[in-house]
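The values are calculated or read from the model by the stated rules, or taken from the named source; none is laboratory data. Note that this is a predicted model, so its numbers are computed, not measured. Reconstructed Cβ throughout: ideal geometry from the backbone, glycine too, with neighbour counts over all protein chains shown.
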Amino acid sequence: MAEYKIKDLETLSGIKAHTIRIWEKRYNILAPERTDTQIRMYSDNDLVTLLNICLLYKHGVKISHIANLTLNQIQEKVEKIQEENEVEDSYEQLILALLTLDENLFRNTLSTLIKEVGLSKTFTDHLMPFLGRIGIMWLVGSINHAQEHFISNLIRQKIIAEIDKLPIPDNPNNAVMLYLPEHEWHEISLLFYQFILRERKVTTIYLGQSLPYESLLDSIRQLKPVAIVTSWLTAVEDKFIENYFRQLKEEIGNIPIYAGGYQIKMNKKNISSLIIEIEDIHSFHKFF
């Protein structure tokens, strides 16, 4: 069971820590444990309760009324609202699925979003903010590796399923190659880049995770892509990134390299002449 500080609850729920403290004091909606130094520590159940309260509050139920409900009554009202407002309340449902490792809830929420707004808007408007928040929680230890891997793999599977629904473009002379470097395993963004390209009828060559440098060069020489797309999230030495792209650029000549991810953003000053930065999904749409 995870433990959360009040700032973690603020990050995950969107409710200010100051407001949470007032709700606790005035309405007794949560009863966190306290450390020897009086720091509030919240459980998974506390977070689930707060998320449900937030959902009711967002839909106009007064906090004074919510405080008088039992947990079962709160859950009943939440389920009724969720049935009527699935897209609007998707964030809370995704967080609940993360906390409880509920595959059905996550899949159903994601499928509803994709059906209503399409994969592109689902990814940019819902999944990216969601992944950003759980990334913060993973870094501070409020969620564990199992929870992060559980959600990441479900998202990965869903994007692959959506890619499989698209026809395979037949234009080998105009193909874009996508890959992750040898140290990199986080492929959700790269998969979504592939979806965008396939949706726009661009032929793709998807080489996947942790591709050795020499294998990348062999593939480029053999298949002659018109562009290369990559993503770097895992931390490496600054000089390594610069040397990597400098050598790659010398090897492949005029083939453009599109690169995104946190490490690219952090090192763009040193590599801006070697790559075209993918600043966000919207910029990637414009490139292609």
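So, Ile255, is that one assigned to a loop (DSSP other than H, G, I, E, B), assigned by TED's automatic domain parsing to the domain that holds Glu184, surrounded by 15 or more Cβ atoms within 10 Å (Cβ to Cβ) and in contact (Cβ under 8 Å) with a residue 12 or more places away in the chain or not? Lay out the reasoning, then the answer.
Details: assigned to a loop (DSSP other than H, G, I, E, B): yes; assigned by TED's automatic domain parsing to the domain that holds Glu184: yes; surrounded by 15 or more Cβ atoms within 10 Å (Cβ to Cβ): yes; in contact (Cβ under 8 Å) with a residue 12 or more places away in the chain: yes.
For Ile255, the condition - assigned to a loop (DSSP other than H, G, I, E, B), assigned by TED's automatic domain parsing to the domain that holds Glu184, surrounded by 15 or more Cβ atoms within 10 Å (Cβ to Cβ) and in contact (Cβ under 8 Å) with a residue 12 or more places away in the chain - is met.
The set of residues in segment 97-118 that are at pLDDT below 85 and in contact with an Asp or Glu (Cβ under 7 Å, 6 or more places away or on another chain) contains only Leu99. So, in segment 184-211, of the ones that are of a type in the set (Gly, Ala, Ser) and closer than 22 Å to Met128 by Cα, which residue ends up nearest to the chain's Cα centre (by Cα)? Of everything passing the filter in segment 184-211, Ser189 is nearest to the chain's Cα centre (by Cα). Is one or more of the residues making up segment 239-252 at positive phi, surrounded by 17 or more Cβ atoms within 10 Å (Cβ to Cβ) and in contact with a strand residue (DSSP E or B) (Cβ under 9 Å, 6 or more places away or on another chain)? No, there is no match, as no residue in segment 239-252 is at positive phi, surrounded by 17 or more Cβ atoms within 10 Å (Cβ to Cβ) and in contact with a strand residue (DSSP E or B) (Cβ under 9 Å, 6 or more places away or on another chain). Out of Thr203, Thr230, one residue alone is crowded, with 17+ Cβ neighbours inside 10 Å and more than 15 Å from Tyr258 (Cβ to Cβ). It is Thr203.
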